[in-house]
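Worksheet for the structure shown next.
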Amino acid sequence: MRLTEKTYKDVEEYLKKRRTIIIPLGSVEQHSVSMPLGTDSIIADSIAVELGKVNNILVGPLLSPGISLVPHMEFKGTVSLMPNTFTNVISETIRSLYKHGFRNFILVNGHGGNDGAIKNAITELCYSLDDLKIKSENWWRMKNIAQMAEEKLGNPIGHACGTEASLILYINESLIKKNLLSSEFKNPPATVSNNLSTKYLTKTGIINADQKMANKELGKKLFDMSIDNYTRIIKIIEDEL
């Protein structure tokens, strides 16, 4: 149910029945030496596509790269937009879809660094557009997912953590360098400049996380839980609000 794989006539027919669309948001940033730069995008897009399939809802284009400045730009291959730029990308994407008749927007966010831009875009859009309903949710912050991840892996969710590694193992195992899964925990004395980040925050790209217990079975459980959670959100937006 990808929007990009439909014709405009297909979208016209869809809008006669539903005005809901799912939009995944991700990043292109380091995830240590064991995980791909597209980890956040791969997870968010995979969840969004399955969510669309389960609920028969169109899935909009993946919005990526996102905001990946500190400490990610210290690592080769990271691509980042500036906060105002990404706010505009989100806002203008939704405005385009709104013009055509979409009114309910489910944002599946895969990267915490995008949070500020998402909030700013939503605030402005809900002020300037009528009859708009938007819900953005970070999959890893859902209560049952966070609880299970900590229970199974022994640590809260961090960056390039076992939770993300487990999901990538489930989605596409070939993308993980299993022999390089590791851990790193640091407590920086303050928020630091990007050039200081590898000294005080992370050397390997892992931030307060342990990847070594990652496994495909846990990845499947967390993936399925995220689909159930987002499905409940869709029902609330479409049926109750």
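The values are calculated or read from the model by the stated rules, or taken from the named source; none is laboratory data. As the structure is a prediction and not an experimental result, all values here were calculated from the model. Every residue, glycine among them, receives a Cβ derived from its backbone with ideal geometry; neighbour counts consider all protein chains shown. The protein model used for the area step is the full one, side chains on, heavy atoms only, and it has no ligands, DNA or RNA in it. Shrake-Rupley method; radii C 1.70, N 1.55, O 1.52, S 1.80 Å.
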Solvent-free Debye scattering, log10 I(q)/I(0), computed from the Cα coordinates of segment 64-191 at q = 0.10, 0.14 Å⁻¹:
-0.43, -0.81
Mind putting together the pair-distance distribution for the chain? All Cα pairs, 5 Å bins, whole percent per bin, short to long.
1, 7, 14, 17, 19, 16, 12, 8, 4, 2, 0, 0
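State in Å² the accessible area per residue of the chain; use a 1.4 Å probe, count heavy atoms of protein chains only, and round to the nearest integer.
Working: 11780 Å² over 241 residues.
Accessible surface, normalised per residue, equals 49 Å².
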Around residue 108, which amide H atoms from residues at least 5 apart in sequence, or from another chain, sit under 5 Å from its own amide H, with H modelled in the peptide plane?
23, 25
In nm, the gap between the two label points placed 7 Å beyond Cα toward Cβ at residue 8 and residue 127 is 3.2 nm
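Could you order peptides 189-197, 201-209, 48-56 by the average number of other Cβ atoms within 10 Å of their residues, highest first?
Working: 189-197: 11.8, 201-209: 21.0, 48-56: 18.3.
Top to bottom by mean Cβ count within 10 Å: 201-209, 48-56, 189-197.
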Ranking by accessible area, most exposed first, for 159, 31, 100 with a 1.4 Å probe
100, 159, 31
In Å and on Cα atoms, what radius of gyration and Dmax does segment 116-175 show?
16.2, 45
Distant-in-sequence amide H partners of residue 68 (H built 1.01 Å from N, under 5 Å)
81
If I compute solvent accessible area with a 1.4 Å probe over the protein chains, what percent of it on segment 100-241 is carbon and sulfur?
50 percent
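Based on Cβ point charges of +1 for Lys and Arg and -1 for Asp and Glu, what charge dipole magnitude is obtained for the chain about its Cα centre, in debye rounded to the nearest 20?
Numbers: 29 positive and 27 negative charges, 31 e Å.
Computed charge dipole of the chain: roughly 140 debye.
Let a ≥ b ≥ c be the square roots of the eigenvalues of the Cα gyration tensor of segment 119-228; is it rounded (a/c under 1.5), or, if not, prolate (a/b larger than b/c) or oblate?
Details: a/c = 2.30, a/b = 1.25, b/c = 1.83.
Oblate is the answer for segment 119-228, as a/c is 1.5 or above yet b/c matches or exceeds a/b.
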Take the alpha-carbon centre of segment 176-236, take the same for segment 76-98, and report the distance between them in whole Å.
23 Å
